[in-house]
Amino acid sequence: MVGAWLLLWGGLALGCRGETAFLRRADDSTGRCTYSFTVASPVEATCPDAGRVPELRAELAALAARLSRLESRERVTGGSGPRGGEAGGARDSQQAAPATRLEAAYSELLQANGSQMCTAAAKGGHWAPDRGVGVWGGNGPAWSPPRAARAGTAVRGAGSAPAHPAPGPAAAPRWDPQPLAYQELQSERTEVPVSRLLEETALGRPGSEDSAGCGELVWVGKPVVFGRAESIAGKYGVWMKDPEPVPPFTRETTWRVDAVGTEVRQLFQYEAAEQLAQGYPAKVHILPRPLESTGAVVYHGGLFFQPRRSRTVARYDLRGEAVTAEREIPGAGYHGQYPYSWGGYTDIDLAVDETGLWVIYSTEKARGAIVLSKLDPETLEIRRTWETNIRKRGVANSFVICGTLYTVSSYSAPNATINFAYDTATSTSRALSIPFENRFRYLSMVDYNPAERQLFAWDSFNMVTYPIRLSRP
């Protein structure tokens, strides 16, 4: 009991010195568990004139010494149980009066100094003697002592008001804690790749407000690999989807040609790009004439390609499995006369955009510069032709978006660029510097798919796509 009284007084004093609030539990000299609670003052550095009651302080110290001697005698005579109470009853009665006087004095001390000591320093805090938790209220801290369990039971908590002890033998003190209410906060973090954020923004999402309709190419993203050719015949090739399919084909139907060899006739058909990645075609078409290089496209139910060693363009009907149209491109170079910089007999390159079917080539008259012609997809008749000032051998590849021709600077440099644009609406060209990654260092085919708003490419055995972004129209 004396330990609890001393810790109570000491706890108040420590709190007034402005130390950090804490709850401490330790055994006292009798082996009993003792709890102490210290509260710091946020304003006052020292207690305001706590020495106005020197007499009470001295009396408390004397009483503590007498109680300590009393407890020592009780331990010698049998403790504080019933039998010990009978043996020391007279002595306990002699100590009852000082204890009562001490309690009364202590209550007066709390009432007299309550507004000037630690609780006053709280600046808006409050006492809550029926709760066993420390709280913050108003503009400063407020704390409250644990509730006394029963009359005659001492609560071991420094800074709490003592319960009235019953006269006679002291009952064994016990701790009666109150439940502490608290709120647990939990945070969660989700990692998202930057590429996904760009694709989900309004600027990067196909069909969004900014990419709807036609506009200028302003950004090309990182390549995404969809499949890989394992044989040497697939070192370079062409793969595509029809942006305007004819039943029974759909926009998910995927087509592929491995273009290495002198007799390239196989056209692989896949129900979807996922089947392409697995390497199992749904059907293999055998073309009636071998095609040349990687310039073929699929559009409106037909495969458009350059037959080998000719300057003609042919249309192979995918449903009827027969060539339905064929036309010569006047003056077009072929079989290595005006290829792209990577070679591969890429003299004649077909392309599709929002406006229809195009053919990219060069002629002797154009002296190796790119010539761009618009074709009728049914008859292959040339509707109109543009002659640019971009040398075909000086670029690695090209494609058409919204009537504008774009060229790729290098087929092997890892950090290439989209370096030129030719606008057929104004018949003018301009230099660009849009980053373009050649991940596998051998780019042999690039085509634009207007339905998916992506570039399809073949890069050293790998079939990849590039997300793009167009400016506002």
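Is it the case, given these coordinates, that Thr385 is out of contact with any helix residue (DSSP H, G or I) (no Cβ under 9 Å at 6 or more places or on another chain) and either open to solvent by less than 10 Å² (accessible area, probe 1.4 Å) or not in a loop (DSSP other than H, G, I, E, B) (or both)? Yes. Beta carbons closer than 9 Å, at least 6 apart along the sequence or on distinct chains, pair a first residue in segment 241-262 that is more than 16 Å from His300 (Cβ to Cβ) with a second that is in a loop (DSSP other than H, G, I, E, B) and among the β-branched types (Val, Ile, Thr) for Val257/Val264; Val257/Thr294; Asp258/Val264; Ala259/Thr294.
Would you check if Ser373 is open to solvent by less than 10 Å² (accessible area, probe 1.4 Å), of a type outside the set (Lys, Arg), touching a residue at least 24 places away in the same chain (Cβ under 8 Å) and out of contact with any Gly (no Cβ under 8 Å at 6 or more places or on another chain)?
Criteria met by Ser373.
Filtering segment 459-467 for residues that are open to solvent by 40 Å² or more (accessible area, probe 1.4 Å), assigned to a strand (DSSP E or B) and in contact (Cβ under 8 Å) with a residue 60 or more places away in the chain leaves an empty set.
When Asn389, Asn449 are screened for being closer than 16 Å to Pro223 by Cα and modelled with pLDDT of 95 or more, only Asn449 passes.
Within the option set Arg430, Arg439, being open to solvent by 50 Å² or more (accessible area, probe 1.4 Å), closer than 18 Å to Ser410 by Cα and either of a type in the set (Ser, Thr, Tyr) or over 31 Å from the mean Cα position of the chain (by Cα) (or both) holds for one residue only, Arg430.
Name every residue in segment 405-422 that is part of a strand (DSSP E or B) and open to solvent by 10 Å² or more (accessible area, probe 1.4 Å), in order of residue number.
Here is the first cut: in segment 405-422, the ones part of a strand (DSSP E or B) are 405-408, 415-422.
Within segment 405-422, Asn415, Thr417, Asn419, Phe420, Tyr422 meet the criteria.
Taking the criterion of being open to solvent by 50 Å² or more (accessible area, probe 1.4 Å), within 47 Å of the chain's Cα centre (by Cα) and free of Cβ contacts under 8 Å to residues at least 60 places away in the same chain, the only residue of segment 299-352 that qualifies is Tyr345.
The values are calculated or read from the model by the stated rules, or taken from the named source; none is laboratory data. These numbers were taken from a predicted model, which means no experiment stands behind them. Cβ: placed from backbone, ideal geometry, glycine included. Neighbour counts: every protein chain shown. The area values use the complete protein model at the heavy-atom level, side chains included, leaving out ligands, DNA and RNA. Shrake-Rupley method; radii C 1.70, N 1.55, O 1.52, S 1.80 Å.
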